[in-house]
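Here, each number is a calculation from the coordinates, and none is a lab measurement. Note that the structure is a prediction, hence the values are computed from the model and not measured. Here the Cβ positions follow ideal geometry from the backbone for every residue, glycine too, while neighbour counts run over all protein chains shown.
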Amino acid sequence: MEFFVTTVTSGLVSGAVLALVAVGIVMVFTATRAVNLAHGEVITLGMYASLIGLTHLHWSFWIVLILMPFVGAAIGLAMEAVAFRPFISRSGGNNALLTIFITTLALSLGLQGFLTLVADTAGTGVPSPFAIKSWNVGVLHIAPYQVLTLVVSACLVGVMWLIVARTQLGRAMRAIAQNADAAALLGANPKLISSIAWAASGALGAIVGALLVLPGAVLTPFSGAPLLFITFTGAVLGGFGSIGGAVVGCLFLSIAQQLFAGYVSSEWAALVPFAILIIVLAIRPEGLFGRNIQRV
Amino acid sequence: MAPVQTEFTPAAAASDVRTPESRRLGRPVVHVLWLALLLPYLLGPVPLFKVTSVVLLILVAIGYNLIIGYAGQFVVVSAAVMGVGAYATAFFMGHWGLAVLPAILLAACLSGGLGALTGLLTVRLSGIYLALMSVGLAEAAGIVMERWTAVTGGENGLAVTGISIAGQSPPSPVAMYTLVLVFTALGILVSWLLVSGQWGRLLKAVAHNELAARSAGIDVEATKRTVLVVGFFYFGLAGGLSAIVNGFLAPDDFSLTVAINHLAMVVIGGMGTFIGPILGAIVVGGIPQLLSFSKGYETVLFAAAVFFVVIFVPEGLAAGPRRLWRSLRRNIALRAAAVRGSQP
């Protein structure tokens with residue numbers, strides 16, 4: 001029982017981090033119909049920015065956490081300007097999707113290459129800014145950093161969901177996703193909305209970077225990228241495009257992976273998300289919670 | 001990338017019949033291949049080895065071009081399937097005692113079969129779902145290569161044993177070069193036959209407008225499955241050859257990053273053209289070999305090159321120098337006008 005609770009808790013915590021990544025990707029997808037394959041590098045950059053703040057400038061973790069959204073928003077806007085904005089006006093439809101895939105992939109590779117030039121590829125260690133000692137409540141053992149991760153993720157996911165579902169900004173975002181020209185005629189500003197989505201997505205990515213160094217970590221230029229593909233799986237489970245679905249998908253996936261690692265085989269646990277992705281897409285191409293919409 | 005026509009019209013199909021660049025360029029390519037036979041007399045063993053690994057990439061680029069460039073199926077699995085071909089070749093030689101040629105061919109056929117299985121999973125998907133499915137498959141294959149230590153040797157890598165070409169063991173660089181060149185020449189010939197005929201038009205019809213292709217009586221699913229089988233065969237062949245040439249396999253050589261590098265070859269060369277992947281493989285594969293940068297610089301330059309091509313010369317190198325120059329000037333003018341317009 002104790003083992004089960006510990007396993008589920010750690011699954012929940014890593015799932016919460018994945019959910020934040022997923023919400024960032026889904027935000028951009030909702031507003032622009034683009035998938036940012038360089039989002040993993042937003043996380044990596046966020047991790048390095050946290051590293052600089054914590055170990056070189058000796059700031060407290062709270063200051064780093066508060067500054068991170070601004071760093072991330074700047075990264076997000078820069079990515080939009082480099083890998084997205086120049087390519088949308090010219091081509092339309094499926095071709096645009098392919099172009100953005102290629103440009104964001106190239107950006108991702110380029111940033112990884114740049115980081116290998118300026119950072120240590122063998123890895124840079126960051127000590128945990130928090131005491132690791134965990135709290136015990138009955139069978140539940142939970143570390144302070146896990147609680148903080150859960151709280152921060154829950155708050156941010158909640159805020160993002162409220163913005164997309166309940167505000168005028170979110171409504172404009174969804175309208176632009178459906179038909180940018182019609183939405184623009186009705187007064188929405190597609191360029192502004194797209195920039196807001198990229199900035200918000202970047203901010204979330206950088207916060208994820210800060211949360212990931214919380215327990216202490218070894219950073220390499222390739223730290224963020226693997227997270228991205230697991231997150232995609234979670235987002236696909238949720239139907240790619242709904243924030244709630246993506247969050248549930250990521251939590252489910254992460255807990256399933258931890259349980260598999262705990263009870264079946266830790267060696268093959270890395271395969272679980274991809275196996276689930278392949279099975280889900282083969283059976284229900286629109287995801288578990290996605291609606292089946294045929295576009296002709 | 002060439003601008004994709006959103007509607008499939010008889011005129012679009014007819015233009016492919018009138019001026020297929022594959023017809024124009026078939027003969028020059030054959031002459032280049034003849035000249036390539038002279039390289040062993042001009043180069044020492046080390047440069048020849050580098051040339052061999054670049055020539056090998058042509059097979060990968062052709063496979064990608066058929067799947068993505070012609071059929072429009074965004075399936076980013078080249079490196080993973082190469083891995084399957086490479087490890088299968090090593091396995092067939094090491095455990096079953098097969099000779100080099102049958103091992104490579106069997107591994108390529110196995111990869112082709114894998115293409116058929118992949119087709120079963122992917123034909124219903126499109127857009128991001130297709131891309132994510134392929135990423136999932138590639139990542140899953142990568143994890144298997146890393147963890148299935150009994151066959152792949154895991155992260156420590158695997159030394160390929162029993163390599164012998166025409167009685168030479170280990171084979172000389174010249175023998176390996178000749179082996180790779182022969183397979184690549186055959187690969188180019190087959191792709192030329194495939195894309196300059198009806199099948200090439202079939203693929204383009206499916207890529208341009210699935211609905212129109214379907215209503216014209218084309219079996220879209222069968223076409224997609226076939227192109228995956230053919231493309232995967234090319235990847236598997238390249239993988240098997242790389243096992244022979246390198247003599248050592250590690251999972252890192254078949255990661256998603258490598259697959260993205262392969263994709264860049266096709267993008268820079270020119271998608272959906274006959275000559276594009278060949279040029280792309282030579283340029284993208286060859287320049288790093290010539291300059292031997294550190295890995296970081298190489299990746300940064302690479303990304304910059306992809307951006308440059310997508311922004312300024314979307315047709316890729318296949319357009320030829322004159323059209324490239326025109327396209328470059330036009331796109332620079334367009335960009336300049338856009339910048340002036342947005343900053344009054």
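With a ≥ b ≥ c taken as the square roots of the eigenvalues of the C-alpha gyration tensor of segment A:170-281, please select rounded if a/c is under 1.5 and otherwise prolate if a/b is larger than b/c or oblate if it is not? Each step should come with its number before you reach the end.
On the way: a/c = 3.27, a/b = 1.75, b/c = 1.87.
Oblate is the answer for segment A:170-281, as a/c is 1.5 or above yet b/c matches or exceeds a/b.
At a 10 Å Cβ-Cβ cut-off, how would you order B:VAL77, A:VAL35, B:VAL229, A:VAL26, fewest neighbours first? Kindly include the intermediate steps, with their values, before the conclusion.
On the way: B:VAL77 32, A:VAL35 22, B:VAL229 19, A:VAL26 28.
So the ranking, lowest neighbour count to highest, is B:VAL229, A:VAL35, A:VAL26, B:VAL77.
Give the lysines whose C-alpha is closer than 28 Å to that of B:LYS204, dropping any in the same chain fewer than 8 places away, or say none.
Leaving aside lysines fewer than 8 places away in the same chain, those within reach of B:LYS204 are B:LYS224.
On a 0 to 90 degree scale, rounded to 10, what angle separates helix A:243-263 from the longest Cα axis of chain A?
Helix A:243-263 and the main axis of chain A meet at about 30 degrees.
Helix A:61-79 sits at what angle to the longest principal axis of chain A, using alpha carbons and giving 0 to 90 degrees rounded to 10?
Here the helix axis deviates by roughly 30 degrees.
Dimensions of chain A along principal axes (Cα, Å, largest first)?
57, 45, 34
Using a/c under 1.5 as the rounded threshold, could you call segment B:10-296 rounded, prolate or oblate? The axes a ≥ b ≥ c are square roots of the C-alpha gyration tensor eigenvalues, and prolate needs a/b larger than b/c, oblate otherwise.
Values: a/c = 1.85, a/b = 1.30, b/c = 1.43.
Here segment B:10-296 falls in the oblate category.
Using a cut-off of 20 Å between alpha-carbon atoms, which lysines can reach B:LYS295, once sequence neighbours fewer than 8 places away in the same chain are excluded?
Once the sequence-local lysines are set aside, what remains near B:LYS295 is B:LYS50.
Calculate the mean, over all residues of peptide A:114-121, of how many other protein chain Cβ atoms lie within 10 angstrom of the residue's Cβ.
3
State whether segment A:65-222 is rounded, prolate or oblate according to the following rule on the C-alpha gyration tensor (a ≥ b ≥ c being the square roots of its eigenvalues): a/c under 1.5 gives rounded; otherwise a/b larger than b/c gives prolate, and the remaining case gives oblate.
Values: a/c = 3.06, a/b = 1.47, b/c = 2.08.
Judged from the Cα gyration tensor, segment A:65-222 comes out oblate (a/c at least 1.5, b/c at or above a/b).
Would you compute, from DSSP H runs of 4+ residues alone, the mean residue ellipticity of the protein assembly as shown at 222 nm, taking -39500 (n - 2.57) per run and dividing by the full residue count, rounded to the nearest 500?
On the way: 28 runs with 458 residues, N = 640.
Using -39500 (n - 2.57) per qualifying helix, the result is -24000 deg cm²/dmol.
Which lysines have a Cα less than 20 Å from the Cα of A:LYS133, not counting those fewer than 8 places away in the same chain?
Those lysines meeting the cut-off do not exist here.
How high is the FRET efficiency between B:THR161 and A:LEU67 when r is their beta carbon distance and R₀ equals 60 Å, given to the nearest 0.05?
On the way: r = 55 Å, r/R0 = 0.92.
Computed FRET efficiency for B:THR161 and A:LEU67: 0.60.
Give the angle, between 0 and 90 degrees and rounded to the nearest 10, that separates the Cα long axis of helix B:295-312 from the longest principal axis of the Cα atoms of chain B.
The angle comes out near 30 degrees.
If you scale each eigenvalue of the Cα gyration tensor by 5 and take the root, what three semi-axes come out for the protein assembly as shown, rounded to whole angstrom and sorted largest first?
Working: eigenvalues 323, 191, 112 Å².
Working through the eigenvalues yields semi-axes of 40, 31, 24 Å.
Residues of B:118-127, mean number of Cβ from any other protein chain within 10 Å of their own Cβ, rounded to a whole number? Mind dumping the intermediate values first?
Values: counts 1, 0, 1, 5, 4, 0, 3, 4, 4, 9.
Partner-chain Cβ atoms within 10 Å, mean over residues of B:118-127: 3.
Round to the nearest 0.05 the FRET efficiency obtained for A:ILE52 and B:LEU301 when R0 = 30 Å and r is the Cβ-Cβ distance.
On the way: r = 26 Å, r/R0 = 0.87.
E(calc), rounded to 0.05, equals 0.70.
Among B:THR152, B:THR118, B:THR257, whose mean-square fluctuation peaks in a Gaussian network model of chain B (Cα, cutoff 10 Å)?
Checking each option, the largest mean-square fluctuation is seen for B:THR257.
What does the structure give for A:229-236 when I average, per residue, the other chain Cβ atoms found within 10 Å of the residue Cβ? List each step's numbers first, then the result.
Working: counts 6, 2, 0, 6, 4, 0, 2, 5.
Across A:229-236, the average partner-chain Cβ count within 10 Å equals 3.
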